[in-house]
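Novice: For reference, the structure I am asking about is given below.
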Amino acid sequence: MFEFVKDIFRKSSLKKNASTVETGFLPLNRIRSYVAVIDVEDTSFDACKTAIMNYFRSHNINGCVFFQDFRKIGSEDRLITSIQTTITRKDLDWLGRPNKYKLNVLKEMNPDVFISLINDPGFAVEYMARTSNARFKIGRKQLPGNLFDLVIKDPAGKDLSQLQSFQAMKEYLNRIQ
């Protein structure tokens, strides 16, 4: 019963806060900023972060990488990513939305492109993507309502790392004119 009620509130929140910006393909020369979301539990996350930053920097595009870190972190453990751009379980409200601070960081970035490299995005990433005013949205798995303009799926029978998926995305970004 609780999950049913939670689902109703989630849908209501998405409807109320969803971006109204029209999205579609943007060529690289029209992209000025980006936001990418990656999962720190993927073994390639550090290499992926570096690849993302280097790729966009080489095209003079500013932006940042957000990290999803839902691991159990003990009192002796430390985050290995920036606290301002890392979404932990503690940063989620009862619906699963990131807190206002993290959403404001995303909003202030005002990205032209939003990239989710998380293979199975949960509600937190879906909320970020739906409320983002990015004009071009890219993901690995399509979400209801055709949220993403470009979807790079893993080949049948293969689980690609985030880095491998980003390499494929780069190929498409380079081709869009």
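Novice: Just from its helices, what would the mean residue ellipticity at 222 nm be for the chain, if runs of 4 or more DSSP H residues each count -39500 (n - 2.57) and the sum is divided by every residue, rounded to the nearest 500 deg cm²/dmol?
Specialist: It comes out at -11000 deg cm²/dmol, rounded to the nearest 500.
Novice: Next question, about the same structure. Give me the extension gain from Ile176 to Thr85: residue separation times 0.36 nm, minus the current Cα-Cα distance, reported in nm with one decimal.
Specialist: 29.9 nm
Novice: Next question. Describe numerically, in nm with one decimal, the distance between label points set 7 Å from Cα along Cα→Cβ at Asn110 and at Glu22.
Specialist: 2.0
Novice: Among Pro111, Pro155, Pro98, determine the one that fluctuates most according to a GNM of the chain built with springs between C-alpha atoms less than 10 Å apart.
Specialist: Pro155
Novice: To the nearest 20 debye, what is the magnitude of the charge dipole of the chain about its Cα centre, counting +1 on the Cβ of each Lys and Arg and -1 on the Cβ of each Asp and Glu?
Specialist: About 520 debye.
Novice: What is the distance in Å between the Cα centres of region 1-45 and region 89-146?
Specialist: 3
Novice: Relative contact order for the chain using alpha-carbon pairs under 8 Å, separation at least 6, rounded to a whole percent?
Specialist: Relative contact order for the chain comes out at 29 percent.
Novice: Here's another thing I want to ask about it. Taking the Cα centre of the chain as the origin and placing charges on Cβ (Lys, Arg +1; Asp, Glu -1), which of Leu163, Gln68, Ser13 is farthest toward the positive end of the dipole?
Specialist: Ser13
Novice: If the reach is capped at under 23 angstrom between alpha carbons, list the lysines near Lys72, excluding any in the same chain fewer than eight residues apart.
Specialist: Lys49, Lys90, Lys100, Lys102
Novice: Here's another thing I want to ask about it. Near the amide H of Gly63, under 5 Å away, which other amide H atoms are found, from residues 5 or more places off or on another chain, if H is placed in the peptide plane?
Specialist: Those qualifying (amide H under 5 Å, at least 5 residues apart or on another chain) are Tyr34.
Novice: Once you have the Cα-Cα distance between Asn60 and Thr43, take 0.36 nm times their residue separation minus that, and quote the gain in nm to one decimal.
Specialist: The span from Asn60 to Thr43 would gain 3.4 nm if fully extended.
Novice: Let me ask something else. Give me the accessible area per residue for region 1-109, probe 1.4 Å, as a whole number in Å².
Specialist: That works out to 65 Å² for each residue.
Novice: Using a Gaussian network for the chain with springs between C-alpha atoms less than 10 Å apart, which of these wobbles most: Arg130, Arg97, Arg57?
Specialist: Arg57
Novice: Met53 to Lys11: FRET efficiency via 1/(1 + (r/R0)^6), r the Cβ-Cβ distance, R0 30 Å, to the nearest 0.05?
Specialist: 0.30
Novice: Before anything else, pin down the relative contact order of region 73-177: Cα pairs under 8 Å, at least 6 apart, normalised by residue count, whole percent.
Specialist: 18
Novice: Restricting to Cα atoms and excluding each atom paired with itself, what does the Kirkwood estimate give for region 1-90 in Å?
Specialist: Roughly 16.1 Å, rounded to one decimal.
Novice: Let me ask another. What's the carbon and sulfur percent of the chain's accessible surface, probe 1.4 angstrom, rounded to a whole number?
Specialist: Carbon and sulfur together cover 49 percent of it.
Novice: Report the Stokes-Einstein translational diffusion coefficient (µm² s⁻¹, integer) for the chain, Rh taken as the Kirkwood radius over Cα pairs, at 20 °C with viscosity 1.002 mPa s.
Specialist: Translational D for this selection: 128 µm²/s.
Novice: Here's something else I'd like to know. Using a 10 Å cut-off on Cβ atoms, rank the peptides 48-56, 88-96 from the highest mean neighbour count down.
Specialist: 48-56, 88-96
The values are calculated or read from the model by the stated rules, or taken from the named source; none is laboratory data. Keep in mind the model is a prediction, meaning the values are calculated, not measured. No Cβ is skipped: glycine too gets one built from the backbone with ideal geometry, and neighbour counts run over all protein chains shown. Each accessible area value is taken on the protein alone, full model and side chains, heavy atoms only, with ligands, DNA and RNA left out. Shrake-Rupley method; radii C 1.70, N 1.55, O 1.52, S 1.80 Å.
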